[in-house]
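Comments concern the structure below.
The values are calculated or read from the model by the stated rules, or taken from the named source; none is laboratory data. Given the structure is predicted, the values throughout are model-derived calculations rather than measurements. A quick note on method: Cβ atoms are made from the backbone with ideal geometry, for glycine too, and the neighbour counts reach across all protein chains shown. For accessibility, only protein heavy atoms count, side chains too; no ligands or nucleic acids. Shrake-Rupley method; radii C 1.70, N 1.55, O 1.52, S 1.80 Å.
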Amino acid sequence: MQIARLEAADQDDWLTLRRALWPDTPPDSHRRQIADQLAAPGRCAAFTARDAAGRALGLAEVSLRGDHVNGTRTSPVAFLEGLYVLPAKRRRGIARALTQAVIAWARTRQCRELASDTALTNRASRAVHQRLGFRETERVVFFVQPLD
């Protein structure tokens with residue numbers, strides 16, 4: 001397995017992995033978000049894991065956040081925006097290897113913390129986060145009130 005930073009030439013694999021992670025997001029929105037990340041290499045990064053044949057197995061996206069990030073004490077904070085491994089390739093250390101690449105990237109930007117989030121109902125993601133060394137800091141309930 002090889003971990004590498006995604007570049008413009010990797011957009012097809014990147015899009016495929018993003019669509020698997022966030023299936024409700026339209027493809028054009030994914031393409032815009034990829035373009036935005038590529039345009040801000042000092043603030044965003046994406047990494048992929050590939051097998052010996054070069055097939056993409058997983059994805060991790062990270063960004064720097066300078067605003068308040070729940071549960072953190074420093075700024076900026078590296079934020080794991082997304083982590084995905086193909087279902088057939090899970091539990092083989094791929095998520096850990098991707099997260100280690102994210103941590104290395106964050107350290108080069110003088111970050112002292114890596115944060116992330118997931119839905120309270122996503123038990124699998126919560127378990128992966130815990131196995132990767134994250135600790136839960138708080139639970140938040142969001143509200144909305146229509147103004148129309």
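Please indicate, with yes or no, whether at least one residue in the range 73-85 is part of a strand (DSSP E or B), among the small types (Gly, Ala, Ser) and surrounded by fewer than 19 Cβ atoms within 10 Å (Cβ to Cβ). Quick ask: steps written out before the conclusion?
Pass one, the range 73-85, residues part of a strand (DSSP E or B): 77-85.
This time we only want the ones that are among the small types (Gly, Ala, Ser), so: 78, 82.
Among the residues that remain, those that are also surrounded by fewer than 19 Cβ atoms within 10 Å (Cβ to Cβ) are: 82.
Within the range 73-85, one or more residues are part of a strand (DSSP E or B), among the small types (Gly, Ala, Ser) and surrounded by fewer than 19 Cβ atoms within 10 Å (Cβ to Cβ).
Could you tell me which numbered condition HIS68 fails, if it satisfies all but one of (1) open to solvent by less than 100 Å² (accessible area, probe 1.4 Å); (2) modelled with pLDDT under 95; (3) more than 16 Å from the chain's Cα centre (by Cα); (4) not basic (Lys, Arg)?
Looking at each condition in turn, HIS68 falls short on (1).
Do you know which of the residues in the range 110-136 that are closer than 21 Å to SER75 by Cα and open to solvent by 70 Å² or more (accessible area, probe 1.4 Å) is nearest to the chain's Cα centre (by Cα)?
Here the residue is ASP117.
Would you call ASP36 open to solvent by 70 Å² or more (accessible area, probe 1.4 Å), at pLDDT 95 or above and not polar (S, T, N, Q)?
Working: open to solvent by 70 Å² or more (accessible area, probe 1.4 Å): yes; at pLDDT 95 or above: yes; not polar (S, T, N, Q): yes.
Judged against the criteria, ASP36 is a match.
Would you tally the residues in the range 91-130 being within 16 Å of THR48 (Cβ to Cβ) and assigned to a loop (DSSP other than H, G, I, E, B)?
Going through the range 91-130 one residue at a time, the tally reaches 2.
So CYS44 ticks every box in (1) surrounded by 12 or more Cβ atoms within 10 Å (Cβ to Cβ); (2) within 15 Å of ALA4 (Cβ to Cβ) but one. Which box is left unticked?
If we test CYS44 against (1) surrounded by 12 or more Cβ atoms within 10 Å (Cβ to Cβ); (2) within 15 Å of ALA4 (Cβ to Cβ), just (2) comes out false.
Filter the range 86-96 down to the residues that are aliphatic (A, V, I, L, M) and farther than 13 Å from GLY133 by Cα, then identify the one that is surrounded by the fewest Cβ atoms within 10 Å (Cβ to Cβ). Please lay out each step first, then the result.
The first filter runs over the range 86-96 and keeps only residues aliphatic (A, V, I, L, M), leaving 86, 88, 94-95.
So of that shortlist, the ones also farther than 13 Å from GLY133 by Cα come out as 86, 88, 94.
On the way: LEU86: 16, ALA88: 7, ILE94: 23.
The residue in question is ALA88.
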